[in-house]
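Working notes for the structure below.
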Amino acid sequence: MSTRLISRDPFARTELHKRLYSKQHECGWCGQVGKVYEFETQSDGGRTFPHPGKFCSVSCFRSFHS
């Protein structure tokens, strides 16, 4: 399944991507039931770093991991 680019950090040379996980699941931060996404960081060197949890939005993801 394809991922969607969310943001790019040119200094760290990484990108944040999201992938649809499920149309009906609970967000790991706010508890909302609905579409949730898995997030991963991809480096320019081709490495992928998945982040734990499934979230309904980028703001919930960033709140949880900050």
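Before moving on, here are some points about what is shown:
- Among (1) 13.4; (2) 14.3; (3) 12.1, the entry that matches Kirkwood radius over Cα pairs in Å as calculated here: (3)
- Qualifying trypsin sites (Lys or Arg not before Pro) in the range 23-63, where qualification requires a DSSP coil assignment and no more than 16 other C-beta atoms within 10 Å, comprise 47.
- Amide proton proximity set for residue 29, modelled H, under 5 Å, gap of 5+: 56
- Here is how the number arises for the chain: DSSP H runs of 4 or more residues each give -39500 (n - 2.57), the sum is divided by the residue count, and the result at 222 nm is -3000 deg cm²/dmol.
- Ranked for footprinting exposure by Cβ neighbours inside 10 Å, fewest first, 5, 20 give 5, 20.
- Sequence-distant residues sharing a close amide H with residue 21 (under 5 Å, placed H): 36, 37, 38
- Extended-chain gain in nm, criterion 0.36 nm per residue less alpha-carbon gap, residue 13 and residue 51: 12.0 nm
All of the numbers you see were taken from the coordinates with simple rules; none came from a lab. Computed from a prediction, not measured in an experiment: that's the story for all the values here. In this analysis, Cβ positions are derived from the backbone assuming ideal geometry, glycine residues included, and neighbour counts consider all displayed protein chains.
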